[in-house]
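Since the structure comes first, as structure tokens, the remarks are kept for the end.
Taken together, the values in this text are just the output of simple stated rules run on the coordinates, not laboratory data. Please read all numbers here as calculations on a predicted model, not as lab measurements. Neighbour counts are summed over all protein chains in view; Cβ atoms, including those assigned to glycine, are modelled from backbone coordinates with ideal geometry.
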Amino acid sequence: MAKYPRAQFSPAKDEILAIAIMRESVVKHDIRPLLDKLLPLVATREVAIAWEGKVTFFFDGWDQDPRETAEIPAIRSYFLDVTAEFPYWFHFVEKVGDTFWHVLRLLCRGHREQTQPGMIGWQFDDHEELFRQINLLLGYMNGLYDRLGLPEEMNERISQEIAQLIECSFE
């Protein structure tokens, strides 16, 4: 049985848009190249529906850095500024893999922690901050649905997927 059964209904399992975020853009704090890829996704109802649950991203050029991306101040600052312009992550990110949690690790303070021998996980420093951020991103997602007239059934499904991801993580 899948760990997150509701997320298995996401279209992400069929098609993924993987976006490389170049180190040079992060170092120069140039959010425009990423926004040029993201903002067209919210241009029309049809495009937003087509890319629901299909976006993932990675930071290219940081392979030699032993830190997690969420531990690198330049990446966190960059991602916060991108999110100020594109706060619709919950609609677009895939929820079968790790992208949903990657977004939250980048937006909320936390640290790596050994969960059991040989296993490292992520611990959020402030659960209130985490839930404020989740509620904020849900609000932006709802605003996107209102603005583009996206299907309420889709909104309900994504909200249930998110609830289940959170529930499973705090078991």
**Request:** Find how many whole Å separate the alpha carbon centroid of the stretch 15-31 from the alpha carbon centroid of the stretch 109-171.
**Result:** 22 Å
**Prompt:** Reported to two decimal places, what Rg/Rh ratio describes the stretch 89-171 when computed on Cα atoms with Rh from the Kirkwood expression?
**Reply:** 1.02
**Complete:** Quick note on Cys168, Cys108, ordering by fewest other C-beta atoms within 10 Å, gives Cys168, Cys108
**Prompt:** In deg cm²/dmol and to the nearest 500, what is the mean residue ellipticity at 222 nm of the chain if only DSSP H runs of at least 4 residues count, each as -39500 (n - 2.57), divided by the residue total?
**Reply:** -14500 deg cm²/dmol
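Please list, by residue number, every one of the trypsin sites (Lys or Arg not before Pro) in the stretch 82-139 that is coil in DSSP and has at most 16 other beta-carbon atoms within 10 Å. Can you show the working numbers first?
Numbers: sites: Lys95, Arg105, Arg109, Arg112, Arg132; in loops: Lys95, Arg109.
Sites meeting the loop and neighbour criteria: Arg109.
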**Request:** Nearest 5 is fine: what % of DSSP beta bridges in the chain come out antiparallel, could you say?
**Result:** 45 percent
**Item:** Phi to ³J(HN,Hα) by Karplus 6.51 cos²θ - 1.76 cosθ + 1.60 over the stretch 157-163, Hz, x for Gly, Pro
**Value:** 5, 5, 4, 5, 4, 5, 4
**Request:** List the relative contact order of the stretch 2-135 as a percent without decimals, with contacts defined as Cα pairs under 8 Å and 6+ residues apart.
**Result:** 25 percent
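Calculate the all-directions average of the projected area of the chain's alpha-carbon convex hull, and give it in nm². Working shown, then result.
Working: hull surface 41.1 nm².
Result: a mean projected hull area of 10.3 nm².
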